[in-house]
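Here the structure comes first, spelled out in structure tokens, and everything after it is commentary.
None of the figures in this text is laboratory data; all of them are computed from the coordinates on show. Just so you know, these numbers come straight off a predicted model, no measurement behind them. Neighbour counts run over all protein chains shown; Cβ positions are idealised from the backbone, glycine included.
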Amino acid sequence: MKSVEPGSRILPACLMLLVVIAALGALVVHTLKPALQQAVAASGVTVGYGQPQGAPAIGGPFTLTDDAGATVTEATLVGGKYHLIFFGFANCPDVCPGMLQLMAGVEERLPTATRDRLQFVFVSVDPARDTLEKLGAYVRGFSPRFVGWTGTKDNIDTMVKHYLAYYAIGTPAQGDDPSIYNVDHSGFAYLMGPDGQYMAHFRSSDSAASLQAGLARFVK
């Protein structure tokens, strides 16, 4: 009979355990994806109007700081303006600059009365690198009327949760500069009405015509 080396049965068992752990990890990441993303993906719509069916309410209490150093909360959304809110980070290589460029282009084409009632807000989920000064310079590079918000991780997490958004800070590869890393994040912009309530959402992949038509429909 062929002898069995000690530990030869342990290796397959370890490999199986690693497979199970990886599968569980993938499941956890999937379940962290917000209900809004799942609802939109299932519906196939480009622009969403009203609350996605089966999704929790969008919006809620938060406390952040704008790029001028002032505190902003959910009460900041209440008043005479609509707010289009997008979550991202200043070092983003593609989605964020693409979305901000899209917003800036659409903003320029809006009637003056509509533009004056609409505030574009970029919420940075990367406070370690996005200082208020950097954030302000970044958003104003797209439009002088854009504003940036950020805050502590806990406060950002609170707002992200209420808005059914998503982000995950990446880790640099071993030996790389620790300040160089990517951030995975959702690509939705949320239109909040003058009463601070959710009205619609848009994708970073939307066309300028689609975004402009959506804003024109709601911002009166």
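Tabulated data for the structure shown
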| read-out | value |
| --- | --- |
| Every residue from segment 141-157 that is assigned to a helix (DSSP H, G or I) and either acidic (D, E) or over 24 Å from R203 (Cβ atoms) (or both) | K153, D154, N155, D157 |
| Answer from A173, A200 - the residue that is small (G, A, S) and over 18 Å from M99 (Cα atoms) | A173 |
| Test: residue in segment 190-210 that is among the aromatic types (F, W, Y), part of a loop (DSSP other than H, G, I, E, B) and crowded, with 17+ Cβ neighbours inside 10 Å | no |
| Any hit, segment 109-124, residues being under 20 Å from A208 (Cα atoms), in a loop (DSSP other than H, G, I, E, B) and aromatic (F, W, Y) | no |
| Some residue of segment 125-136 being part of a strand (DSSP E or B), at negative phi, surrounded by 15 or more Cβ atoms within 10 Å (Cβ to Cβ) and of a type outside the set (K, R) | no |
